[in-house]
Amino acid sequence: MHEFSIVQSLLDLCESHAKENKAKKILKVEIKVGKLSGVEPHLLQSAFDTFKEETLCNDAELVMHIQDLVMYCRECKYEAVLDKNEFYCPKCGSPNLSIVDGEEMYLMRLEME
């Protein structure tokens, strides 16, 4: 379950930003989680709730925005959201795609006081 190590890195990043901004507390952590990131949102939530104790995120709410998988077809120049993990263009059928969004996890915003 790699969500534990992901949460530890996320908490370290949050604490670093809080210290840079002289914040005493983090109230909300907003992240974007791509559907193809390999992160299980419910496990990430559980890990966050477990490991946030004794950090500046102790009372913080974790808000996850789940990002759809967005592809760009190099053949017909079509960009679309893929509903399934079928990696071909829904317009022309080409497998010559690049992924535009939905593979990563990002810290989007912190609410601090």
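Among the residues of the stretch 15-38, is there at least one that is touching a His at 6+ places or on another chain (Cβ under 9 Å) and modelled with pLDDT under 95? Within the stretch 15-38, one or more residues are touching a His at 6+ places or on another chain (Cβ under 9 Å) and modelled with pLDDT under 95. Summed over the stretch 18-46, the residues that are charged (D, E, K, R) and either over 18 Å from D59 (Cα atoms) or within 13 Å of the chain's Cα centre (by Cα) (or both) give a count of 5. Residue count for the stretch 16-29, restricted to those that are surrounded by fewer than 16 Cβ atoms within 10 Å (Cβ to Cβ) and either assigned to a strand (DSSP E or B) or charged (D, E, K, R) (or both): 7. Remark: I6 falls outside the filter, which requires a residue to be under 14 Å from L107 (Cα atoms) and outside any helix (DSSP H, G or I). Among the listed residues S98, S94, S46, identify the single one that is in a strand (DSSP E or B), modelled with pLDDT of 95 or more, farther than 15 Å from K35 by Cβ and among the hydroxyl-bearing types (S, T, Y). The conditions single out S98. Take K84 and decide whether it is within 17 Å of G34 (Cα to Cα), part of a loop (DSSP other than H, G, I, E, B), over 15 Å from the mean Cα position of the chain (by Cα) and without any contact (Cβ under 8 Å) to a residue 60 or more places away in the chain. So K84 passes the test. Of the residues contained in the stretch 34-52, one or more are found to be in contact (Cβ under 8 Å) with a residue 12 or more places away in the chain, of a type in the set (D, E), within 22 Å of H2 (Cα to Cα) and in contact with an Asp or Glu (Cβ under 8 Å, 6 or more places away or on another chain).
Filtering the stretch 50-67 to residues that are exposed (fewer than 14 other Cβ atoms within 10 Å of the Cβ) and in contact with a strand residue (DSSP E or B) (Cβ under 8 Å, 6 or more places away or on another chain) leaves D59, E61, V63, H65, I66.
Of the residues that make up the stretch 53-74, is at least one without any contact (Cβ under 8 Å) to a residue 60 or more places away in the chain, closer than 13 Å to L36 by Cβ and touching a Phe, Trp or Tyr at 6+ places or on another chain (Cβ under 8 Å)? Scanning the stretch 53-74, I find at least one residue that is without any contact (Cβ under 8 Å) to a residue 60 or more places away in the chain, closer than 13 Å to L36 by Cβ and touching a Phe, Trp or Tyr at 6+ places or on another chain (Cβ under 8 Å), so the answer is yes.
Scoring M71 on the criteria (1) in a loop (DSSP other than H, G, I, E, B); (2) over 30 Å from D12 (Cα atoms) leaves a single failure, condition (1).
The values are calculated or read from the model by the stated rules, or taken from the named source; none is laboratory data. Values in this document were obtained by computation on a predicted structure and should not be read as measured data. Don't worry about glycine lacking a Cβ; one is built from the backbone with ideal geometry, like all the others, and counts go over all protein chains shown.
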